[in-house]
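> Have a look at this one.
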Amino acid sequence: MVATVAIHRIQAALEFPKHVEDFVTYAQAIHDSMTSSTYFTTLAAKLTQLAADITTLQGKETGLKTKPPTNTSADRDAALIVVQNDLRSLKADVQGIADADMPNAEAIITASGMHVKKIGTISKQDFVARQGAVSGTVDLVAKGIPGNHGAHEWAMSPDGTVWTPLTTTIYATTTVTGLTPGSEMEFRHREILADGPGDWSQAEVLIVT
């Protein structure tokens, strides 16, 4: 039986509206909240870039609606992806600031304008990263669910901020190769079930041998 430990970690979450105009309002609200908060003074450059990218997106959306249109939906969608990625990057920053000040984590995330997601009891043994049989390899093993025919997603990161997706598998185990011995890497896992992807696991940190 897998032992469980109550981990009351508070996570920042994004909830992107489907309609572009609503998304612009949403992104602008996060920008304004973070700019006005003293928690995020170190992120000034990123917030300036976010503001510029929101302005670009607004221009593309306006140009798409003019008659005749001055740009294409592909132009608008490309600008939309840029702002979405800006927000994802800022979410990782907000999470790092919140994790470094757990007593005030909820207040920090709320101040960013992002959604607060609380995680209750988590099985710390659901996901394990361990040294592989060959130097420069790491074996990742997740708790399997009998009869589960869903997929498993894996990712790794050198800093816990920028994550590189690994090959999706149908089994609850995979091996990562080509890593640099002596480097520190973080790994995480999530299951893809019939109703969509689950939450990412807690990251496992390992120094590659």
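The values are calculated or read from the model by the stated rules, or taken from the named source; none is laboratory data. This structure is a prediction, so every number in the text was calculated from the model and none was measured. Reconstructed Cβ throughout: ideal geometry from the backbone, glycine too, with neighbour counts over all protein chains shown.
> Quick check: anything in the range 11-28 without any contact (Cβ under 8 Å) to a residue 12 or more places away in the chain, over 16 Å from Gly113 (Cα atoms) and assigned by TED's automatic domain parsing to the domain that holds Ser112? Step through it out loud before you land on a result.
Narrowing the range 11-28 to residues without any contact (Cβ under 8 Å) to a residue 12 or more places away in the chain: 17-19, 22, 25-26.
When the remaining residues are screened for being over 16 Å from Gly113 (Cα atoms), the result is 18-19.
Then drop every residue that is not assigned by TED's automatic domain parsing to the domain that holds Ser112, which leaves 18-19.
Yes, that holds for at least one residue.
> Next up: May I ask you to verify whether Thr38 is modelled with pLDDT of 95 or more, surrounded by fewer than 18 Cβ atoms within 10 Å (Cβ to Cβ), farther than 14 Å from Ala111 by Cα and out of contact with any helix residue (DSSP H, G or I) (no Cβ under 8 Å at 6 or more places or on another chain)? Step through it out loud before you land on a result.
Details: modelled with pLDDT of 95 or more: yes; surrounded by fewer than 18 Cβ atoms within 10 Å (Cβ to Cβ): yes; farther than 14 Å from Ala111 by Cα: no; out of contact with any helix residue (DSSP H, G or I) (no Cβ under 8 Å at 6 or more places or on another chain): yes.
Judged against the criteria, Thr38 is not a match.
> When you scan the range 43-61, how many residues do you find that are touching a residue at least 40 places away in the same chain (Cβ under 8 Å) and either of a type in the set (Val, Ile, Thr) or under 18 Å from Gln95 (Cβ atoms) (or both)?
Looking only at the range 43-61, we keep the residues that are touching a residue at least 40 places away in the same chain (Cβ under 8 Å), and these are 43, 46-47, 50, 61.
Remaining after also requiring either of a type in the set (Val, Ile, Thr) or under 18 Å from Gln95 (Cβ atoms) (or both): 43, 46-47, 50.
The qualifying residues number 4.
> In the set Ala79, Ala105, which member is touching a residue at least 40 places away in the same chain (Cβ under 8 Å) and part of a helix (DSSP H, G or I)? Spell out how you get there, then give the answer.
Numbers: Ala79 fails: touching a residue at least 40 places away in the same chain (Cβ under 8 Å).
On inspection, the qualifying residue turns out to be Ala105.
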